[in-house]
1. Specify which of the listed residues (B:Lys99, B:Lys69) is more than 13 Å from every other protein chain (Cβ to nearest Cβ), closer than 21 Å to A:Gly42 by Cβ and assigned to a loop (DSSP other than H, G, I, E, B).
2. Please go through segment A:63-114 and give me each residue that is farther than 21 Å from A:Thr15 by Cα and free of Cβ contacts under 8 Å to residues at least 40 places away in the same chain, ordered by number.
3. Out of segment A:94-114, which residues are small (Gly, Ala, Ser), modelled with pLDDT of 95 or more and on the phi < 0 side of the Ramachandran plot?
4. Take the residues of segment B:18-31 that are modelled with pLDDT of 95 or more and out of contact with any helix residue (DSSP H, G or I) (no Cβ under 8 Å at 6 or more places or on another chain): which is nearest to A:Ser93 (Cα to Cα)?
5. Suppose we keep only residues that are crowded, with 16+ Cβ neighbours inside 10 Å and charged (D, E, K, R) within segment A:28-72. Which one would you say is modelled with the lowest pLDDT?
6. When only residues in segment B:1-27 that are surrounded by fewer than 12 Cβ atoms within 10 Å (Cβ to Cβ) and free of Cβ contacts under 8 Å to residues at least 60 places away in the same chain count, which is nearest to the other protein chains (Cβ to nearest Cβ)?
7. Return yes when A:Ser93 is polar (S, T, N, Q) and within 14 Å of chain B (Cβ to nearest Cβ) and no when it is not.
Amino acid sequence: NAGVTQTPKFQVLKTGQSMTLQCAQDMNHEYMSWYRQDPGMGLRLIHYSVGAGITDQGEVPNGYNVSRSTTEDFPLRLLSAAPSQTSVYFCASSNSGGAYNIQYFGAGTRLSVL
Amino acid sequence: GQQVMQIPQYQHVQEGEDFTTYCNSSTTLSNIQWYKQRPGGHPVFLIQLVKSGEVKKQKRLTFQFGEAKKNSSLHITATQTTDVGTYFCAAKVYNQGGKLIFGQGTELSVKP
């Protein structure tokens, strides 16, 4: 049982490049979410999904796209990376009713945009 | 703006001293969760409080949820070096859908 798996662990991009951060969970959780962590800012919600085919915006969605074609996968896409997107990104999953259930986090992706 | 405020941002203590972090909101919270993140790691769930005035204990950790459900605290008695890390509160705000809003976190360092 791997839990929540994020890839890659580290990434360096140039401004304007695009990339996809991968997130997969094997716990059959309905609720998945993406957070970014910056010093002094805590964890800020980017996008979340309450099930396959359903996504919604969080606190800081601009510059990011998501889709949820399967229960297991919830990729985060940066279409045109900017230095302000340098951060640590965490994917999390939980049972349905996400805010009342334990969030299981992946190990994180450390992204630098030059 | 930030709906869940957490203080202090940093706390440095001598091993054996107590530690408290506070989580406050101007609006009523449906629940509050607490997470711990070790340096270089990811957040790990500690506990959830749902009822007004609820108090829960985990060994040296005591968690409280305010009577008005607008604040919460985490208290660690006699800190140890293994307590080092960042402690986050996370809450569901009434009428904010299924989103969990995190506080800014309190980074605890413990000097042996």
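1. B:Lys69
2. A:Ser67, A:Arg68, A:Ser69, A:Thr70, A:Ala99, A:Tyr100, A:Ile102
3. Within segment A:94-114, A:Gly106, A:Ala107, A:Ser112 qualify.
4. B:Cys23
5. A:Glu59
6. Looking at residues that are surrounded by fewer than 12 Cβ atoms within 10 Å (Cβ to Cβ) and free of Cβ contacts under 8 Å to residues at least 60 places away in the same chain, I get B:Gly1.
7. So A:Ser93 fits the description; yes.
Let's see how each residue does on (1) within 14 Å of another protein chain (Cβ to nearest Cβ); (2) assigned to a strand (DSSP E or B); (3) on the phi > 0 side of the Ramachandran plot:
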| site | (1), (2), (3) |
| --- | --- |
| B:Pro39 | yes, no, no |
| B:Phe45 | yes, yes, no |
| B:Ser52 | no, no, no |
| B:Leu74 | no, yes, no |
| B:Thr79 | no, no, no |
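The values are calculated or read from the model by the stated rules, or taken from the named source; none is laboratory data. Note that the structure is a prediction, hence the values are computed from the model and not measured. Every residue, glycine as well, gets a Cβ built from its backbone with ideal geometry; the counts of neighbours run over all protein chains shown.
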